[in-house]
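What follows is one structure encoded as structure tokens, with my remarks underneath.
Nothing in this text is a laboratory measurement; each read-out follows from the coordinates by a stated rule. A quick note: this is a predicted structure, and the numbers were derived from the prediction, not measured. Neighbour counts run over all protein chains shown; Cβ positions are idealised from the backbone, glycine included.
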Amino acid sequence: MVARARAAQKQYETWSQERVDECVLATGWAIMHPEHNRILAEMAVRDTGLGVIEDKITKNHRKTLGLLRDLKGAKSVGVIAEYPELGIVEIARPVGVVAAITPSTNPGATPANKIINALKGRNAVIVAPSPKGASTCAALLGFIHAELEKLGAPPDLVQMLPTPITKDATHALMRQADLVVATGSQANVRAAYVSGTPAFGVGAGNVAAIIDSSANLADAAASIARSKTFDNATSCSSENSVVILDSVYDAAMAALAAAGGVLLDAAEKSRLQATMWHGGKLNPHTTAQSTAMISMLAGLTRPEPASAAFLMVSESGTGPSCPFSGEKLAPVMAVYRARDFDHACRIVADIYAFQGAGHSVSIHSADDAHILRLGLELPVSRVIVNQIHCYATGGNFDNGLPFSLSMGCGTWGRNNFSDNMNYRHYLNITRISRKIAPREPALEEIFGEHFRKYGK
């Protein structure tokens, strides 16, 4: 497969920017075509047992449309930038064959995103889907190949590992590719890092949201509810905890209840915890399930939890002994009460010391100083302000972040990048350097102030 990919990539490498962009658009349409989109969404929910069909249709459409918007007019062939004052010319070059490791939570949208970005850089790509997501990925590739055939593009540009998907095959692919882009479990990310191949991997999600004293509580509650319930919280960008300042706690909880949240009592919380975690690990039977299913599995007898949009549990601690402080991948959210903003920041820092460092934090606030403080102090790559977090973190039409389903978490999350992964991560860049007028500073220009302050 890698040999075929290399042969196809060598041919594709000669294509012009115009033809490459046609290839990108064709690939995007392969998933956005309404009939294809619904087929893929229905197949994903049926075969993985995760998420909500209509939300997956929305995700497949919006994330792909946003990516295509970002790529429209972006240069990825030949000279892409010139800096005459530096004597530098930048030239885009392919990385070669990309191994794309993708999760079961987004078996259509994530492979499509990686394939499109790889093709934008004139690369070939081989997808290693999760076993549960393999059928959806295969259907997606069928649609892509049909579109690529119209353009005369070599079909081996886009491939996937044959089923059944195995760890051995995935690891072999990672070792032989030129670049690995890994999204999904931390086990897959670690395997990518030790494969011997240059790799981009993502950190663990465990988003916390702060409701500040200046927040518009109705808007905050509506945003959190939409983010927490979208696709049954399959996204790593769905809130797992909300930290509410004491001064607005009661009103905020009332707003969350009005948005569909139900707060469990202590006994219900205990039963839910015993159901969601077995031996310290998340129970896969609760992952991305509805509140009705989760309530049934946990034996919650009140009718309110089963009909809730999302479940809430009161929490005060963090760490392994308080598992609700971690990622849940379900419409379940921990609620913390903070004395003031200082305390709220400490709670979030403690949560991220346990899980989720580097990813992002959400804040609902009108206080610019508080917002800036999160970016200065917390171990996060993104601060999402007054937005639906699971939409906004990976780029949205009303913010400036690149559309992506792979979020780097920096060294906090044991990653080598802190951006939203985008087409530039799929490029090598060659720089031509020419002589410019010399500018060698005098010692006084560099050290003068230092010497006057501290002496020589």
Exercise. Roughly how many debye, to the nearest 20, is the charge dipole of region 183-291 about its Cα centre, given +1 on each Lys and Arg Cβ, -1 on each Asp and Glu Cβ, and no other charges?
Worked result: 500
Seminar exercise, completed: Cross-link reach from Lys63 to aspartates and glutamates, straight Cα distance under 16 Å and at least 8 residues apart if same chain, gives Glu54, Asp55, Asp231, Asp398
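Once Rh for region 207-401 is found with the Kirkwood sum over Cα pairs, what is the Stokes-Einstein diffusion coefficient at 25 °C and 0.890 mPa s, in µm²/s? Don't jump to the answer; show the numbers that get you there.
Working: Rh = 16.4 Å.
For the chosen part, D equals 150 µm²/s.
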Exercise. Which whole-number percent of Cα pairs in region 29-125 have a distance greater than 20 Å?
Worked result: 48
Seminar exercise, completed: The ratio Rg/Rh over the Cα atoms of region 82-152, Rh being the Kirkwood inverse mean 1/r radius, stands at 1.16
Exercise. Can you sort Arg434, Arg190 by how many other beta carbons sit within 10 Å, fewest first?
Worked result: Arg434, Arg190
For this session: Take Leu140, Leu217 and order them by how many other Cβ atoms sit within 10 Å, fewest up front.
Result: Leu217, Leu140
Exercise. Can you pick out the pairs among Lys72/Lys228; Lys75/Lys114; Lys72/Lys150 whose Cα atoms lie more than 28 Å from each other?
Worked result: Lys72/Lys228
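Using just the helices of the chain, give the 222 nm mean residue ellipticity in deg cm²/dmol: DSSP H runs with n ≥ 4 each add -39,500 (n - 2.57), and the total is spread over all residues, rounded to 500.
Numbers: 17 runs with 196 residues, N = 456.
-13000 deg cm²/dmol, from helical runs alone.
Could you give the C-alpha radius of gyration of region 304-456 expressed as a fraction of 2.2 N^0.38 Å, taking N as the number of residues it contains? Provide the component values of the computation, followed by the final result.
On the way: Rg = 22.1 Å, N = 153, 2.2 N^0.38 = 14.9 Å.
So region 304-456 has a normalised radius of gyration of 1.49.
Considering only DSSP beta bridges where both residues belong to region 207-401, give the percentage that are antiparallel (nearest 5).
Numbers: 2 of 27 bridges.
Taking every DSSP beta bridge with both residues in region 207-401, the antiparallel ones total about 5 percent.
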Exercise. When the Karplus curve 6.51 cos²θ - 1.76 cosθ + 1.60 is applied with θ = phi - 60°, which whole-Hz ³J(HN,Hα) does each residue of region 98-107 get, with x for Gly and Pro?
Worked result: 9, 9, 9, 8, 10, x, 6, 5, 9, x
For this session: Kindly give the semi-axes, whole Å and largest first, of the ellipsoid equivalent to the chain, taking each as the square root of 5 times a Cα gyration tensor eigenvalue.
Result: 38, 32, 19
Exercise. Which far-off residues, 5 or more places away or on another chain, put their amide H under 5 Å from the one on Met333, with H placed in the peptide plane?
Worked result: Leu311, Met312, Val313
